[in-house]
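Nothing in this text is a laboratory measurement; each read-out follows from the coordinates by a stated rule. Please read all numbers here as calculations on a predicted model, not as lab measurements. Ideal geometry is used to build each Cβ from the backbone, glycine not excepted, and the neighbour counts take in all protein chains shown.
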């Protein structure tokens, strides 16, 4: 999908991972996607995608700011995210420990580590491996948005689930519902932001989310790999 905000604006690409299901929710999703530059302070290097399969979930929209080095993951195995996630969590570790963690042999693991070293994602010193400092925050900001037209409780549940890998998590709802639930305790307790979409097609943030640190680093680096592959296409 391409969004065009004005006759002078450049098209905003949205990478679609699952077939679109046309209907009222798709309309709201498109409105929000087309207004992302106005809703959020995204970096010049940012990527927007719809229906990204990630773990057990499929966020409606994901907006990711990334460091260009991440594009080196375009040709690595998606499963290598587990190696990056493990090194993100433990620091320096020997190859035999990594092999046990990812359940593979050292022989099979060595070429995977070599490629990640060549991509500058990991470092090797004194026979131990560690994540390169720049790769600890290779995706400086991950924003997720769940869209619903009526079942707002379900949207909040999904948005809360997304917080395991996202820095900021939102729900987007029709304006009448959004205004009605903006003071719901669940939003504040879970740190979920709220986007209101009016009938005339205007989207606005009426409740800001609480910024959190990703908790499941495997999903974080899987998203990095998915992004890299998408940007290469």
*Taking the alpha-carbon centroid of each part, what is the distance from the range 10-35 to the range 149-193 in angstrom?*
19
*So how tilted is helix 106-118 from the main axis of the chain? Cα-based, degrees 0 to 90, rounded to 10.*
60
*Percent RCO, i.e. relative contact order, over the chain, from Cα pairs under 8 Å lying at least 6 residues apart*: 22
*Run the quick spin-label model on residue 58 and residue 100: label points 7 Å from Cα toward the beta carbon, then report their separation in nm to one decimal.*
3.9
*Once you have all Cα-Cα distances for the range 1-122, histogram them in 5 Å bins from zero and send the whole-percent values.*
2, 8, 16, 17, 14, 12, 11, 8, 7, 4, 1, 0
*Relative packing of 115-121, 177-183, which averages over residues the other C-beta atoms within 10 Å, highest first*: 115-121, 177-183
*Where the Cα pairs of the chain fall when distances are cut into 5 Å bins, in %*: 1, 6, 14, 17, 17, 14, 11, 8, 6, 4, 2, 0, 0
*How big is the antiparallel share of DSSP beta bridges in the range 149-224, given as a percent to the nearest 5?*
45
*Under the definition of Cα pairs under 8 Å and six or more residues apart, what whole-number percent is the relative contact order of the range 179-233?*
24
_Quick check on the chain: of the DSSP beta bridges with both residues there, what percent are antiparallel, nearest 5%?_
65
*What is the projected area of the convex hull of the Cα atoms of the range 68-137, averaged over all directions, in nm²?*
4.3
*Mean ellipticity per residue at 222 nm, deg cm²/dmol - from DSSP H runs of n ≥ 4 across the chain, formula -39500 (n - 2.57)*: -10500 deg cm²/dmol
*So how far apart, in nm, are the two label points at residue 124 and residue 215 if each is 7 Å from Cα heading toward Cβ?*
3.6
